[in-house]
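Asker: Mind having a look at this structure? Questions to follow.
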Amino acid sequence: MASVIKEDRKYTKDHEWAKEEGGGLVRIGISDFAQHQLTDIVFADLPKKGAAIEMGKPFGVVESVKSASDIYSPVTGEVVEVNQAVADAPETLNQDPYGAGWLIVARMTGGHVHLMDAAEYRKHIGE
């Protein structure tokens, strides 16, 4: 089954997505491909509001019934919003990874890793 890949986002090689929100803000989550690989997600450990995040470094962890995976930041910045709904109901990541399953919003203070557009990401995951 082909993964859903949203055209309005950029993607990392580690399967995170970033969507610019304007004003230096970027919304971050995991891709549909990632949630399919993880299977049933049972726990999400997210940073606190105000936490510093660094491009290419882990900022949280998602755990599924089969493994735990670090979530890597596509940007350097500061966490300005955390999706508490995902911490309370981690299965939201399986149900709606691009909508209700977003993880954090960050204010960028530095650059970002090379982010792939949707076409590049499709090639990266072999679809």
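Asker: Would you mind calculating the gained length between Asp117 and Leu25 on full extension (0.36 nm times residue separation, minus the Cα-Cα distance), in nm to one decimal?
Answerer: Contour length minus the Cα-Cα distance gives 31.3 nm.
Asker: Let me ask another. How much mean residue ellipticity at 222 nm does the chain get from its helices, if each DSSP H run of length 4 or more adds -39500 (n - 2.57) and you divide by all residues, to the nearest 500 deg cm²/dmol?
Answerer: The helix contribution divided over the chain gives -4000 deg cm²/dmol.
Asker: Counting other beta carbons within 10 Å of each residue's own, what order do Phe43, Phe59 fall into, fewest first?
Answerer: With the sparsest Cβ surroundings first, the list reads Phe43, Phe59.
Asker: Ok, one more. Would you please give the residues with an amide H less than 5 Å from that of Glu21, counting only those at least 5 places away or on a separate chain, with H modeled from the backbone geometry?
Answerer: Val26, Arg27
Asker: Output wanted: per-residue J couplings in Hz (rounded whole) for region 19-26, from phi through Karplus 6.51 cos²θ - 1.76 cosθ + 1.60, θ = phi - 60°, x for Gly and Pro.
Answerer: Result, rounded to whole Hz: 10, 5, 10, x, x, x, 9, 9.
Asker: Keeping to pairs on different chains or 8 or more places apart, tell me how many lysine pairs in region 10-120 have Cα atoms under 25 Å apart.
Answerer: 13
Asker: How large is ³J(HN,Hα), in whole Hz, for each residue of region 57-64 in order, when computed from phi with the Karplus curve 6.51 cos²θ - 1.76 cosθ + 1.60 and θ = phi - 60°, using x for Gly and Pro?
Answerer: 10, x, 10, x, 9, 10, 10, 10
Asker: For the chain, what's the relative contact order in percent, using C-alpha pairs closer than 8 Å and at least 6 residues apart?
Answerer: Numbers: 295 pairs, mean separation 39.7, N = 127.
Relative contact order, the chain: 31 percent.
Asker: I would also like to ask the following. For the chain, just list the percent of Cα-Cα distances falling in each 5 Å bin from zero outward, please.
Answerer: 2, 12, 24, 25, 21, 12, 3, 0
Asker: From zero up to wherever the largest Cα-Cα distance of region 51-115 sits, split into 5 Å bins and tell me the percent of pairs in each.
Answerer: In whole percents, the pair-distance histogram is 4, 17, 25, 25, 19, 9, 2, 0.
Asker: Round to the nearest 0.05 the FRET efficiency obtained for Ala85 and Glu63 when R0 = 22 Å and r is the Cβ-Cβ distance.
Answerer: Approximately 0.85, to the nearest 0.05.
Asker: What whole-number value in cubic angstrom gives the convex hull volume per residue for the C-alpha atoms of region 1-54?
Answerer: Hull volume over Cα atoms, normalised by residue count, gives 106 Å³.
Asker: Add +1 for every Lys or Arg and -1 for every Asp or Glu among the other residues with Cβ under 14 Å from the Cβ of Val42, and state the total.
Answerer: -4
Throughout, read-outs are computed from the coordinates displayed, never taken from laboratory work. All of these numbers come straight from a predicted model, not from anything done at the bench. Positions of Cβ are backbone-derived with ideal geometry, glycine not excepted, and every protein chain shown enters the neighbour counts.
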